[in-house]
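Everything on this sheet refers to the single structure shown next.
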Amino acid sequence: MIVLPGIVPYIGSTEEEARALARRFDELRIPEYGLRQLAAVFETEPTVFELDAPLPDFILARPKLEGSQSRSDLIIELAVREKLTVRQVISRLGGGRGHFEFIGTPEQVADTVISWFEGGAADGFNIMAPALPSGLESFIEHVLPILRIKGLFREEYEGTTLREHYGLPVPANRFHGSGG
């Protein structure tokens with residue numbers, strides 16, 4: 001199995017600059033949009049949430065779920081563990097939509113990526129820039145050179161598909177030979 005987690009890097013030349021960038025993006029979030037997203041995860045109406053209160057008791061009392069709905073369990077665990085209000089939950093999930101957010105310098109971002117990769121926690125990453133194109137450009141200009149120097153980012157590819165890059169077999173075409 002190939003693991004490609006999403007990472008949302010807020011990159012600054014200093015940690016404080018990166019934190020300021022993350023704060024600016026947080027200030028731009030529209031709470032009503034976040035409430036609609038949260039309501040969709042919990043399959044309820046946005047009106048059941050109060051921004052400056054914890055998650056409602058009926059949400060916290062939900063039984064654990066399996067599969068794609070396990071995201072709701074992760075949100076509940078985060079909210080309870082860190083004693084977050086709904087507004088804080090929305091803020092934490094807003095930029096990365098629940099993916100790992102990292103705030104730091106290019107070196108710190110690269111060190112985190114390298115640590116996860118070398119520790120076997122990830123085979124690669126989906127870079128989910130907090131803003132396009134600037135966030136992606138910042139990652140390409142400042143983090144990729146560090147990863148290249150350390151030999152952890154390819155200069156050339158052997159195949160033409162993601163599947164080939166990871167050495168995965170091509171599945172059989174379920175429509176081939178069906179007579180239709």
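The values are calculated or read from the model by the stated rules, or taken from the named source; none is laboratory data. If you're wondering where the values come from, they're calculated on a predicted model, not measured in any experiment. A quick note on method: Cβ atoms are made from the backbone with ideal geometry, for glycine too, and the neighbour counts reach across all protein chains shown. These accessible areas exclude ligands, DNA and RNA; they are computed on the full protein's heavy atoms, side chains included. Shrake-Rupley method; radii C 1.70, N 1.55, O 1.52, S 1.80 Å.
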Of the residues in the range 20-31, those that are free of Cβ contacts under 8 Å to residues at least 24 places away in the same chain and outside any helix (DSSP H, G or I) number 1
Examine the range 100-108 for a residue that is surrounded by fewer than 17 Cβ atoms within 10 Å (Cβ to Cβ), in a loop (DSSP other than H, G, I, E, B) and among the hydrophobic types (A, V, I, L, M, F, W, C), and state whether such a residue exists.
no
| message | Whether any residue in the range 45-67 is under 19 Å from the mean Cα position of the chain (by Cα) and of a type outside the set (A, V, I, L, M, F, W, C) is what I want to check. | response | yes
- Yes/no for residue 87 being open to solvent by 80 Å² or more (accessible area, probe 1.4 Å), modelled with pLDDT under 90 and of a type outside the set (Val, Ile, Thr): no
Inside the range 5-19, the number of residues satisfying the requirement of being surrounded by 14 or more Cβ atoms within 10 Å (Cβ to Cβ) and either of a type in the set (Val, Ile, Thr) or in a helix (DSSP H, G or I) (or both) is 6
Picked from the range 34-61 (must be part of a helix (DSSP H, G or I) and open to solvent by 90 Å² or more (accessible area, probe 1.4 Å)), the residue nearest to residue 80 (Cα to Cα) is 57
Within the range 109-155, of all residues that are small (Gly, Ala, Ser) and under 28 Å from residue 38 (Cβ atoms), the one surrounded by the fewest Cβ atoms within 10 Å (Cβ to Cβ) is 121
So residue 75, is it surrounded by 11 or more Cβ atoms within 10 Å (Cβ to Cβ) and touching a Phe, Trp or Tyr at 6+ places or on another chain (Cβ under 6 Å):
no
Residues of the range 136-169 being touching a residue at least 40 places away in the same chain (Cβ under 8 Å) and either part of a helix (DSSP H, G or I) or under 20 Å from the mean Cα position of the chain (by Cα) (or both), in sequence order, are 138, 139, 142, 143, 146
Those residues of the range 139-166 which are closer than 27 Å to residue 108 by Cβ and not hydrophobic (A, V, I, L, M, F, W, C) amount to 141, 142, 145, 148, 150, 151, 154, 155, 165, 166
